[in-house]
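What follows draws every value from the coordinates through simple rules; no lab data is involved. A quick note: this is a predicted structure, and the numbers were derived from the prediction, not measured. Counting neighbours? That spans all protein chains shown, and the Cβs are built from the backbone with ideal geometry, glycine included.
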Amino acid sequence: MNKKLITLSGVVLALGLTGCANNDELNRNIADLNTKVDSLSMQVNKLSSDHAAMKAATKRSAADAAAAKEMAAEAAAEASKANERLDMVVSSYKK
C-alpha cells in the first residue's frame with residue numbers, strides 16, 4: 001500500500017511539473033490575447049468617437065430642418081398675405 005501511495009505521489013508530482021514546463025507558450029498566448037484586446041479597445045474608442053460625431057451631425061441636421069420648416073411657414077404666410085393684397089387690388093378695379 002505504501003509503494004502504491006509513493007508511486008501515485010510521484011506520478012502526480014511529475015504531471016504537475018509537466019504542466020509548469022510550458023510557461024513560454026502560455027506567456028506568448030497571453031501576449032497575443034493582450035494585443036488583440038488592445039486592438040479591440042482602439043476600435044471601440046474609434047467607433048465611440050465616430051458615433052459622437054454622427055450624433056452631433058444629426059442634431060445639427062435636425063436644427064437645420066426645423067429652421068427650414070419655420071422659414072417655409074413664414075414664406076407661406078407672406079405669400080398668403082400678398083395674395084390677399086392682390087385680391088383687394090383686383091376687386092377695387094371694375095370694368
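Would you mind calculating the gained length between GLU78 and ASP50 on full extension (0.36 nm times residue separation, minus the Cα-Cα distance), in nm to one decimal?
5.9 nm
Could you calculate, for the stretch 29-90, the ratio of the Cα radius of gyration to the Kirkwood radius, expressed as Rg to Rh?
Reported Rg/Rh (Cα atoms, Kirkwood Rh): 1.64.
Could you point to the residue in VAL11, ALA53, MET42 farthest towards the positive end of the chain's charge dipole, with +1 and -1 charges on the Cβ of Lys/Arg and Asp/Glu respectively?
Checking the options against the dipole of the chain, the answer is VAL11.
If the only charges are +1 at each Lys and Arg Cβ and -1 at each Asp and Glu Cβ, what is the size of the charge dipole of the chain around the Cα centre, to the nearest 20 debye?
Charge dipole, the chain, about its Cα centre: 220 debye, nearest 20.
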